[in-house]
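Trainee: Starting off with a structure, shown below.
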Amino acid sequence: MSEVIKVGMADLNVCKAPDVITTLGLGSCIGLVFYDPVSKVGGMVHYMLPDSTKVRNNSNIAKFADTGIDELLRRVIAAGANKGRLIAKIAGGARMFEVSGDVGNIGARNAEAAKAKLKQLGIRLVAEDTGLNYGRTVELHCDTGEFYIKSVGKPLKII
């Protein structure tokens, strides 16, 4: 019997097969997962902002791409993943509201931050479902590595 591990906003966690890890309501936020197909260890971070260095009160490391991805990597390795085998997938980064200027495009900046950080860490981004203007709920199935993306009024997407 598998367990479903929930990750909240500005939160992260790890899981192992046969469990599933999920986060609800990704708008401009990004849900980034790491997965090791051999050990079947996975992890997810649901971050809200691209860069912790731009914010004074940044005690919550999972809130930001740079610190949240680093911490997730540390935790999946501690749980038995091998960094050399890790793959990454991302979803979210939507443009939820028509706002002019920088604030309106936080979703795109969040997605870019993920790609830049993964490149720096040397981890392959193998799939993504980002952008557009709708929210997403995502699940990483640690037994298969499949990343389920559910959106209201859209068919289930598996990447």
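Trainee: Is there any pair linking a residue in the stretch 17-41 that is in contact (Cβ under 8 Å) with a residue 60 or more places away in the chain and outside any loop (DSSP other than H, G, I, E, B) to one that is surrounded by 24 or more Cβ atoms within 10 Å (Cβ to Cβ) and polar (S, T, N, Q), with Cβ under 6 Å and at least six apart or on different chains, and which?
Mentor: Pairs that qualify, where the first residue is in contact (Cβ under 8 Å) with a residue 60 or more places away in the chain and outside any loop (DSSP other than H, G, I, E, B) and the partner is surrounded by 24 or more Cβ atoms within 10 Å (Cβ to Cβ) and polar (S, T, N, Q), are 30/110; 31/23.
Trainee: Related question: Quick test of your reading of the structure: residue 107 fulfils all but one of (1) within 16 Å of the chain's Cα centre (by Cα); (2) of a type outside the set (Lys, Arg); (3) open to solvent by 80 Å² or more (accessible area, probe 1.4 Å). Name the failing condition by number.
Mentor: For residue 107, the exception is condition (3).
Trainee: Going by the structure shown, is residue 140 touching a Gly at 6+ places or on another chain (Cβ under 6 Å), touching a residue at least 12 places away in the same chain (Cβ under 8 Å) and not in a loop (DSSP other than H, G, I, E, B)?
Mentor: yes
Trainee: What is the one condition in (1) crowded, with 18+ Cβ neighbours inside 10 Å; (2) assigned to a strand (DSSP E or B); (3) more than 12 Å from the chain's Cα centre (by Cα) that residue 45 does not satisfy?
Mentor: Answer for residue 45: the failing condition is (3).
Trainee: Return only the number of the condition from (1) farther than 15 Å from residue 125 by Cα; (2) open to solvent by less than 20 Å² (accessible area, probe 1.4 Å); (3) touching a Gly at 6+ places or on another chain (Cβ under 8 Å) that residue 95 does not satisfy.
Mentor: Every listed condition holds for residue 95 apart from (2).
Trainee: Now for a different question. So is residue 77 modelled with pLDDT of 95 or more, hydrophobic (A, V, I, L, M, F, W, C) and not in a strand (DSSP E or B) or not?
Mentor: yes
The values are calculated or read from the model by the stated rules, or taken from the named source; none is laboratory data. The structure presented is a predicted model; accordingly, all values stated were derived computationally and were not measured. Counting neighbours? That spans all protein chains shown, and the Cβs are built from the backbone with ideal geometry, glycine included. Ligands, DNA and RNA are excluded from the accessible area calculation, which covers all protein heavy atoms including side chains. Shrake-Rupley method; radii C 1.70, N 1.55, O 1.52, S 1.80 Å.
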